Each structure stands twice: as structure tokens, then as C-alpha cells.
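Quick notes on the structure that follows.
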Amino acid sequence: MTPPDPSLLGPLITQLRLARGWSQQQLAAALCAAAGTPTLTRHEVSRWERATRTPGDHWRRHLAAVLDAPAGLLVDATVRGRRPGPAAARSRSALLALAHRWAADPSTPLLLAPATITSVVRRVADEDGPGWCAAVGLAELRRLDDLAGGADLAPVGAYRLRCVVRALRRSGPNGRQRLLPTLAETAQLAGWLDGDAGRLASGVDAHRLGLRAAAATGDRALAGHVLASASHLLAGAGDAEGALLLARAGYAGARRAASRGLRALLLHRVALAAALTGRAPAGRQALDAARRAAETVEPATEPAWLYWLDGAELAAMTGRALVALGRPGPAVPLLGEALRAAAGPRGAAVYGSWLARGLVRLGEVDEAAVVAGAALRDAVRAGSARAAAGLAETDRRLAAHRAEPAVRRWRALLADARPFLPAGGVRDAPPPGWGPEGTG
């Protein structure tokens, strides 16, 4: 396991706390005393140290005071933690190369070496999950993902991945072959949860393992699903170019074997990524094709891993693409429908952030600020870096109207909520070559 990097905020807080001989409870008590509020608990300190959430300006000032550390040191560590580093860039390049190779010839099984499995599992499963992990199967974890964010569920996904790998190692050749689809599905879900928790490099690596496992079984549809998930992960991290390459590879390799729902999903991923990269004609073409495919989707006939693809989700995907294409008029009703049907706080936060962006484009700034405020509360509840990143983009859109009273109220609410947003949610510009920011 890679030792903690004290140049990043989480390990730095741990190092400074231990230097004073304090427990997390004692640090929380000192912060509450300094801030004059009893609301902070040791659980929030734990989230900061594990980098699942990032303290905002308010709590960073008090951290600097009670830990006797230069405020600039904490700010610099925060900025470093928000940028995709070299590990994420390497993971991205490796996944793009593998996806291109698979799409060129989906019938060729990809090598699934034991060393590959071990290296990915070490990166994803770097912490023990809560005690109830053992009671959560893959199907249950998928449905929990509808209700909670990666900050809470990533350790559970890591636990499930370890369980599958242990079973794989104990099995003979026939047993291993039967377990490969489960490995592919589990790696995809663990990677999605890791990415949603703000751990992009390990999330991308897990998707690469999922692609190898799906290809080893010859299941083109499952491989396409893994790439659709990875595409959306990169889009949410600001890498629309990478997202487009993965979505196109997934569609090229899986379209002949794909169900109607998977075909619609992959086309939607292409449409959104193309729109975010400024390729409006390609985005419109893919969106039109996705709509045609969606007209014939029958949820009862779709694979189990596409259980979530219903009318509300298809409406949300169409709405997001339309906002990205600069067509907020038809997008706003679709996103409103999706928001009303959202099953949990993360979905409500993601849909709400896109709805607010559409409303800003329509000139409905007051309503956009109200919608963004509700989405912000849901993002705090969800513990999802992806939801928080979408709101960071919404804030950039609202900033052009900062003189409006509703926007001033929104920005005050955002300032108060920043300490409770998950890590990775408010990004600085990505480094050169990573891709355009603000994809949400």
C-alpha cells in the first residue's frame, strides 16, 4: 500500500493531529470550541483525514489555528488534492489504450493476469469497509448506490471486489470462467463508487479490470456497459475528450450485441461527451439516435445491471445533453421530471445542478439559484464528489449574475456548505491535457 502523502490535506491533518497527541474526538472538540459551534464531530474529522470530504475555508482557518499550522500550508494541500495527478493520468491512458484495442476486435479475449487483478484490488480496496459489508451482495449494493454516495459506499464496493477475487483464486479453471462476469460487474461498480468518492485513479483502474474480465468472457454487452460507466466517470471529472473516446469505443464494440437499453445508454454517453467537447453536430446526431433507440426499450428485458435505466433516467440523460448543446428550452421540463422522480439525494443533486444550468441559460436566474440551493443540500447528504462537481459548474454559471439577491443567497449557502462537501467536488482547472473542466 502506498504510504499517505503529507503534502495532501487528509494525511497532513492526521500528521498535525498526531503531533499534538490528539484523537479525532479531541480535534473535533478543539475545532468546535474555536468556532463557537457544537456541530462538528469526530466522524467529519475522519472523513477529512480519509479524503472523502474536504474542509472548506471556514474550517481550514480553524484547523490552522488549533493545529498551529500556516494557513497557506493547508490551502496548498487542498489544491493538490483537487487536481487529477500523474496516477490518474496514467490510469486514464491505460484504459483508453485498452478500450481502443478491444473495440478494434471485440472477439479477442484480453489478458487477465493475476498480477493485474492484484494491483487493481490493492488500489481500490485500501481500507476495510463497515462491519455490515458482508451482508451486502452485488444486487443490494447497486440499489444502495441509488440512495447514497461513494463517500459512504466505496469501502463496501472494495469489500465486494476482494470477496470475488478471493473466490476466483480458490476456483479451478471452470469455476474461474463462471466467476468472470461477476468480477466484471463488481469491478465496474467498485470503480464507479471509488470515482464517486473522488478517487479517480483507482476508479478508472477498476473499470479497466472490469473491461478485461468482460472481454475474457466474450460478453461484448457487459464490456460496453463497463465503458459506458467509465465514460461518465471521466465526463464528471472534467475529461470530456476521454469520455467521448470511451463512449465511442463502447458503442463500436458492443452495438451488435447490445440490448436496446444499452444501445440507448451508449449513444447518450456519446451525445453528452460530444456536446461537452464542442462537437455539436456529432452530439445532436448521437442524441437523435439515442432517442430512437430509447423508444423501443423494455426495462423488463434488459440485463440486471441496467435495472436503473427507466424513463426518468432517459429523460435526465436527454436533458443533460440538451443543456450541453445549448438548447435549454426542451431540456428544462425533462430535467424537472427527472428531479421529481429522483430516488435519492445524489440523483436529486445531479439533476438539480443540470436543471439550474438550464434555467440560467433561459434567464431564469432566481429560480436557478433556488434549484441550486436544494441540489446543494442534497449533495451534502449524498457524499458524492460527482454531485458536488456538478454544483461547482453551476456556481460558475451563476457567478455571472452575482449582483442578484438570489445569487448572493446561493453563494452564502455554498460558503456555509463547503466544509461538508466531499473531496473533489470543487475543482480548480485540471492540468493541461486532462480535458475541459466543468462537465459535471
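Every number here is computed from the coordinates shown, using simple stated rules; none is lab data. Keep in mind that this is a model prediction, so the values were computed, not measured. FYI the Cβ positions are ideal-geometry reconstructions off the backbone, even for glycines, and counts take in every protein chain you see.
Taking amide H atoms as placed 1.01 Å from N in the peptide plane, the amide H of residue 53 lies under 5 Å from those of 48, 423, each 5 or more residues away in sequence or on another chain. Measuring r between the beta carbons of residue 57 and residue 364 and using R0 = 35 Å, the FRET efficiency lands at 0.75. Remark: 18, 200, 180 ranked as 18, 180, 200, counting other beta-carbon atoms within 10 Å and listing the fewest first. Taking the Cα centre of the stretch 6-81 as origin and assigning +1 to Lys and Arg Cβ atoms and -1 to Asp and Glu Cβ atoms, the resulting dipole is close to 160 debye. Across 102, 192, 354, mean-square fluctuation computed from a Gaussian network of the chain (C-alpha pairs under 10 Å connected) peaks at 102. Counting only Cβ charges, +1 for Lys and Arg and -1 for Asp and Glu, the dipole size of the stretch 323-420 around its Cα centre is about 240 debye. Across the stretch 55-71, coupling constants 3J(HN,Hα) worked out from phi with the 6.51/-1.76/1.60 Karplus curve, θ = phi - 60°, read x, x, 4, 4, 6, 5, 4, 6, 4, 4, 6, 6, 9, 6, 10, x, 4 Hz, and Gly and Pro carry x.
Can you sort 107, 229, 93 by how many other beta carbons sit within 10 Å, fewest first?
107, 93, 229
Determine the relative contact order of the stretch 190-267: mean sequence separation of Cα pairs under 8 Å and six or more apart, normalised by residue count, in whole percent.
Working: 91 pairs, mean separation 20.6, N = 78.
That works out to 26 percent.
Ordering 406, 198, 349 by the projection of their Cα atoms onto the charge dipole of the chain, which places +1 on the Cβ of Lys and Arg and -1 on the Cβ of Asp and Glu, puts 198 at the extreme positive end. Loop-located trypsin sites (Lys or Arg not before Pro) across the stretch 335-404 with a Cβ neighbour count of 12 or fewer within 10 Å are 402, with loop assigned by DSSP. Distance from the Cα centroid of the stretch 254-316 to that of the stretch 356-376 is 26 Å (rounded to whole angstrom).
Ignoring everything except DSSP H segments at least 4 long, calculate the 222 nm mean residue ellipticity for the chain; use -39,500 (n - 2.57) per segment, divide by total residues, nearest 500.
-22500 deg cm²/dmol
Simple point charges give the picture: +1 on the Cβ of Lys and Arg, -1 on the Cβ of Asp and Glu, and for the chain a dipole about the Cα centre of about 720 debye.
Computed on the chain, with alpha-carbon pairs under 8 angstrom and 6+ residues apart, the relative contact order is 18 percent. Rounded, prolate or oblate: pick one for the stretch 142-202, where a ≥ b ≥ c are the square roots of the eigenvalues of its C-alpha gyration tensor, a/c under 1.5 means rounded, and failing that, prolate if a/b is larger than b/c, else oblate. Judged from the Cα gyration tensor, the stretch 142-202 comes out prolate (a/c at least 1.5, a/b above b/c).
Counting neighbouring Cβ atoms within 10 Å and putting the fewest first, the residues 232, 401, 43 line up as 43, 401, 232. Give the shape of the stretch 9-82 as rounded, prolate or oblate, defined through the alpha-carbon gyration tensor: a ≥ b ≥ c are the square roots of its eigenvalues, a/c under 1.5 means rounded, and otherwise the shape is prolate if a/b is larger than b/c and oblate if not. Judged from the Cα gyration tensor, the stretch 9-82 comes out rounded (a/c under 1.5).
Maximal additional length on extending the residue 146-residue 404 stretch stands at 89.4 nm, based on 0.36 nm per residue less the C-alpha distance.
For semi-axes √(5λ) of the Cα gyration tensor in Å, the value computed from the atomic coordinates appears in the list (i) 60, 23, 18; (ii) 34, 29, 18; (iii) 82, 26, 16 under label (ii).
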